[in-house]
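Only one structure is covered here, and it is reproduced in the block below.
The values are calculated or read from the model by the stated rules, or taken from the named source; none is laboratory data. All of these numbers come straight from a predicted model, not from anything done at the bench. Ideal geometry is used to build each Cβ from the backbone, glycine not excepted, and the neighbour counts take in all protein chains shown.
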């Protein structure tokens, strides 16, 4: 019996990892103990260290807190939020095996997450070795988007795929970048709501929503954060010791060698190094004192050890120069705050007053021309727009073709217009590289018939969709009666970008130029054009209980065709997607070459005309020196002198 007891004891000890309960660890403790960062996915490969970014500790521990139902993280980029989600995945695989679901904005992003982030963590973290079988093994239960392990499984889905959100009960739901989700997963409705429904059968479920915010009033993560404890990461002042968050409003960057932040209490200003020295003593300060099972966290990139303040300030300056569109991106991704959109009200007379006289039909900054065409019952309206580096734009010509679009004459006139070439000041000419023609309305078939033989000239039929969140340009479809390439434009998205550019006040990236109307050169940019260009405004409306962005007329009686054709011309640029920097380099080289050729072929002026005024006066005063007469050279043998020429 003694030998049997000894063998049993040895057997139990050898397999203690199977029968012993796992140690009672939080996610941060598990990560510090087990997690290894992969060289392909991290700038700091090796053992995980939560103290490197102390603010991560409480966020991860909240995800494993049994008394919480939901965790909301509204944050900037560069704070390690994806790594925190991976730590949660690793923890639940090894410590609390459960069915997990990770939702990315699209299936393609889900596949990238699986291959680039999850697979490398499973490979490089020893505690996870053998938990998920090799996908090359038969019946391993391991595919790109679905992996099984003892006691659970992990499914990776896209918010744009209703099918991937509609099966299997889930205990742990991890939703990444929820503000980038589409408004609806196909026709099934809100993807976050669909995913949460799959957790209802678990009493100990865990829902984690993570994202950089988008637009105020529409942002999913902002709404979830408002219903949480609303905690903000705060650090002590190096002088008075009072805890406070990193506020952009208190950052001083003008006329100082390096950025400083002023204390909100004692008003002492300190450098980044001095403030971040207190990171280890940082705390999360709640802004909503109420009983809730949802904890919410917010922090910005100024707290991140992977983002320095000097770079963030430089990025802000660049974004400010780029206008509202680029400033919005900086606001979302660096401050982690939702952008509060203007109502779109831009005054037409202000834009009209900014008109300028071009030196030629096409200004030198233009590198590519696109065209947008709108179809009406009694006319076609078209605008040619020139584009430069940074999507700086120039209105080139706005034309109205009156006539019945059901007849060939009006389409022939449009074809001639699209085939036209416009000249630079140096005489070089440029034509339209891409055009978009609206196929909605009463003349869809006529648009298809016009575009089909001209698709090689990049003349495409388009249809606009106004739902918010739709990308500027979708993939072309031939599922129509004429089988022509049909592009779908996200007109709401393009309008938002256009109005942001119209607010840019300095020439450069994003700025919109318009020409002066001359009696001898009518380009179509008169007062009605500018009123039509700003004829709509953006509003946030509730549709079926959910907020969505819509564009509505500012006032009745103003036609919006100028806005539509500018949107279509912008869509044509997105379809073309040219490398504008490279085109500028090519044009610069060509201009230099043309100047050299011109200088080489230009006849030199007679020497008498090259004398300057001073030399001429000096020549008039001084008497010319007498030159000794030269003896004529003897004629060569076989030749004789005849006047000024020679003859055999």
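For the range 308-317, filtering for residues that are in contact (Cβ under 8 Å) with a residue 12 or more places away in the chain and either part of a helix (DSSP H, G or I) or crowded, with 19+ Cβ neighbours inside 10 Å (or both) leaves 6.
If you check 395, 390 for being in a helix (DSSP H, G or I), under 16 Å from residue 365 (Cα atoms), in the same structural domain as residue 514 (by TED's automatic domain parsing) and in contact (Cβ under 8 Å) with a residue 60 or more places away in the chain, only one passes: 390. Filtering 284, 275 for residues that are touching a strand residue (DSSP E or B) at 6+ places or on another chain (Cβ under 8 Å), buried (at least 19 other Cβ atoms within 10 Å of the Cβ) and part of a strand (DSSP E or B) leaves a single hit, 284. Where helices (runs of 4 or more DSSP H) fall entirely within the range 404-508, those with at least 3 residues that are within 26 Å of residue 363 (Cβ to Cβ) and in contact with a strand residue (DSSP E or B) (Cβ under 8 Å, 6 or more places away or on another chain) are at 408-418, 491-502.
Per-residue answers, yes or no, for (1) surrounded by 21 or more Cβ atoms within 10 Å (Cβ to Cβ); (2) closer than 29 Å to residue 581 by Cα; (3) assigned by TED's automatic domain parsing to the domain that holds residue 416; (4) touching a helix residue (DSSP H, G or I) at 6+ places or on another chain (Cβ under 8 Å):
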| site | (1), (2), (3), (4) |
| --- | --- |
| 329 | no, yes, no, yes |
| 340 | no, no, no, no |
| 354 | no, yes, yes, no |
| 376 | no, no, yes, yes |
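Inside the range 159-183, residues that are in contact with a strand residue (DSSP E or B) (Cβ under 8 Å, 6 or more places away or on another chain) and either free of Cβ contacts under 8 Å to residues at least 60 places away in the same chain or not in a loop (DSSP other than H, G, I, E, B) (or both) make up a count of 11.
Taking the criterion of being touching a strand residue (DSSP E or B) at 6+ places or on another chain (Cβ under 8 Å) and farther than 14 Å from residue 112 by Cβ, the residues of the range 147-158 that qualify are 147, 148, 152, 153, 154, 155. Considering the conditions (1) crowded, with 16+ Cβ neighbours inside 10 Å; (2) in contact with a helix residue (DSSP H, G or I) (Cβ under 8 Å, 6 or more places away or on another chain); (3) over 30 Å from residue 105 (Cα atoms), residue 415 is excluded by exactly one of them, (1). Of the helices (runs of 4 or more DSSP H) lying entirely inside the range 48-147, the ones with 2 or more residues being closer than 22 Å to residue 293 by Cα are found at 55-63, 81-94. Of all residues in the range 380-412, those that are touching a helix residue (DSSP H, G or I) at 6+ places or on another chain (Cβ under 7 Å) and under 17 Å from residue 446 (Cβ atoms) total 9. Of the numbered conditions (1) assigned to a loop (DSSP other than H, G, I, E, B); (2) at negative phi, residue 524 fails exactly one; give the number of that condition. Unmet condition: (2). Suppose the filter is closer than 23 Å to residue 197 by Cα, modelled with pLDDT under 90 and in contact with a helix residue (DSSP H, G or I) (Cβ under 7 Å, 6 or more places away or on another chain); does residue 161 pass it? In short, yes.
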